[in-house]
Amino acid sequence: MRVNGMPMRTIWPVAGRFAVEVIDQTVLPHRYEVLRLASVEDVARAICGMQVRGAPLIGVAAAYGVALAMTRRADDAALLAAVERLAATRPTAVNLRWALARVQHFLLPLSPDLRAEAAWREAARIADEDVEQCRRIGQHGLRLLRSRIGASGRLEVMTHCNAGWLATVDCGTALAPVYAAFDAGLEVHVWVSETRPRNQGLLTAWELAQHGVPHTLIVDNAAGLLLARGGIDAVIVGADRIAANGDVANKIGSYLKALAASAAGVPFLVAAPRSTIDFACPNGAAIPIEERSADELRLVHGCDAAGVAARLRQLPLGEAVVNPAFDVTPARLIEALISERGCCPASREGLLTLYPEERHD
Ligand code: MRU
């Protein structure tokens with residue numbers, strides 16, 4: 001995608017392979033800043049602090065984190081310690097564990113002197129595969145969305161959180177079909193929900209604006225009214241983990257949107273690559289839900305009137321707060337899953353149609 005007209009990815013290795021650089025997602029949309037991560041600890045902190053965020057992107061960042069660790073020390077103990085540190089950063093998005101398992105499996109049989117070079121190559125491969133898979137999700141999703149365009153002739157889509165290119169290496173998951181529709185010349189408009197408390201909707205609005213896609217921001221609680229009024233062709237979100245039965249964990253608030261969409265007869269679609277599907281997880285109840293700091297509710301981040309970054313306390317100190325970062329949408333509320341292999345019903349059978357190699361019964 002483009003930032004100020006320049007083609008960009010969200011993560012890239014620095015020449016000489018002593019660091020990777022990422023777009024700092026905690027200062028967008030107010031400032032565009034590049035952050036340099038030079039150690040496995042830097043990567044782990046950036047994932048925990050959500051400077052790097054979005055299920056596919058944290059998987060790729062973790063793979064580069066292992067490469068950084070291997071550049072310093074590449075014995076078995078260093079490899080396993082890097083994997084363990086990175087795996088402990090965020091529990092819900094399975095892409096993180098998927099990428100770490102893949103890198104560990106690839107590196108362990110190699111002799112330590114070969115590991116650094118191999119780790120950088122494998123991380124780059126995972127990044128390139130993510131781009132290609134998201135591109136394919138865009139094409140499959142576009143076919144589905146085309147068939148949903150209503151009487152207005154314009155595609156009206158609602159999304160939640162940020163499942164755009166900022167959450168991946170490029171293209172995005174939920175937004176990939178939107179970009180594909182826009183690039184194919186369809187008239188498309190996106191309703192973007194703010195996504196309290198971290199406001200990832202502002203990231204979505206920023207990246208849609210960079211690409212020129214018309215969009216409108218809404219508060220999370222406006223979604224029910226807008227869906228009930230009619231005129232929205234589909235709700236499309238990404239996923240942090242898809243269980244084997246088609247239940248989907250995604251950003252907190254996704255479930256409410258699915259309920260409202262179901263009540264209004266609007267299709268609720270979920271777009272995600274293979275690395276988000278956890279065939280070992282039987283259903284949504286088995287997905288670990290991340291609890292984040294209460295300060296994410298207590299403090300509002302933004303800019304003051306002079307444009308200087310500021311934090312405002314909105315809750316009295318000591319107010320009880322709980323802050324689950326994800327919820328689970330049951331498969332029955334999901335009209336279709338969209339992956340790099342195509343579209344399928346949100347069910348075990350549906351997933352196995354796309355991934356027959358996962359059928360072991
Ligand atoms: O907590 P975040 O911002 O990392 O959560 C991101 C989401 O929930 C996205 O919707 C999901 O990762 C899909 S990303 C393509």
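The values are calculated or read from the model by the stated rules, or taken from the named source; none is laboratory data. Only a predicted model underlies this, so the values are computations on that prediction, with no experimental measurement involved. Reconstructed Cβ throughout: ideal geometry from the backbone, glycine too, with neighbour counts over all protein chains shown. Side chains included, ligands, DNA and RNA excluded: accessible areas come from the protein's heavy atoms. Shrake-Rupley method; radii C 1.70, N 1.55, O 1.52, S 1.80 Å.
Below is a table of values for the structure above.
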item	result
Test set (1) of a type outside the set (Lys, Arg); (2) in contact with a strand residue (DSSP E or B) (Cβ under 9 Å, 6 or more places away or on another chain); (3) open to solvent by 40 Å² or more (accessible area, probe 1.4 Å) - residue 151 fails condition number	(2)
Answer from 121, 97 - the residue that is open to solvent by 10 Å² or more (accessible area, probe 1.4 Å), farther than 18 Å from residue 38 by Cβ, among the charged types (D, E, K, R) and under 18 Å from the mean Cα position of the chain (by Cα)	97
Counted residues, segment 85-103 - those being in contact (Cβ under 8 Å) with a residue 60 or more places away in the chain and among the basic types (Lys, Arg)	1
Wholly within segment 239-318, strands (runs of 3 or more DSSP E) carrying at least 3 residues that are of a type in the set (A, V, I, L, M) and either within 14 Å of the ligand (Cβ to nearest atom) or outside the structural domain of residue 90 (by TED's automatic domain parsing) (or both)	268-271, 309-313
Top-ranked residue in segment 53-84 [being without any contact (Cβ under 8 Å) to a residue 24 or more places away in the chain and either within 12 Å of residue 108 (Cα to Cα) or touching a Phe, Trp or Tyr at 6+ places or on another chain (Cβ under 7 Å) (or both); ranked as farthest from the ligand (Cβ to nearest atom)]	77
Any chance residue 173 is near the ligand (Cβ under 10 Å from one of its atoms) and either part of a helix (DSSP H, G or I) or surrounded by fewer than 24 Cβ atoms within 10 Å (Cβ to Cβ) (or both)	no
Matching option when the condition is assigned to a loop (DSSP other than H, G, I, E, B), surrounded by 15 or more Cβ atoms within 10 Å (Cβ to Cβ) and of a type in the set (Val, Ile, Thr), among 232, 236	232
All positions within segment 315-361 that are touching a Leu at 6+ places or on another chain (Cβ under 7 Å) and open to solvent by 50 Å² or more (accessible area, probe 1.4 Å)	335, 341, 343, 359
Filter result (assigned to a loop (DSSP other than H, G, I, E, B), farther than 24 Å from residue 177 by Cα and either hydrophobic (A, V, I, L, M, F, W, C) or open to solvent by 80 Å² or more (accessible area, probe 1.4 Å) (or both)) within segment 1-40	14, 15, 17, 18, 19, 27, 30, 31, 32, 38
Residue 85 vs. criteria among the charged types (D, E, K, R) and out of contact with any strand residue (DSSP E or B) (no Cβ under 7 Å at 6 or more places or on another chain)	yes
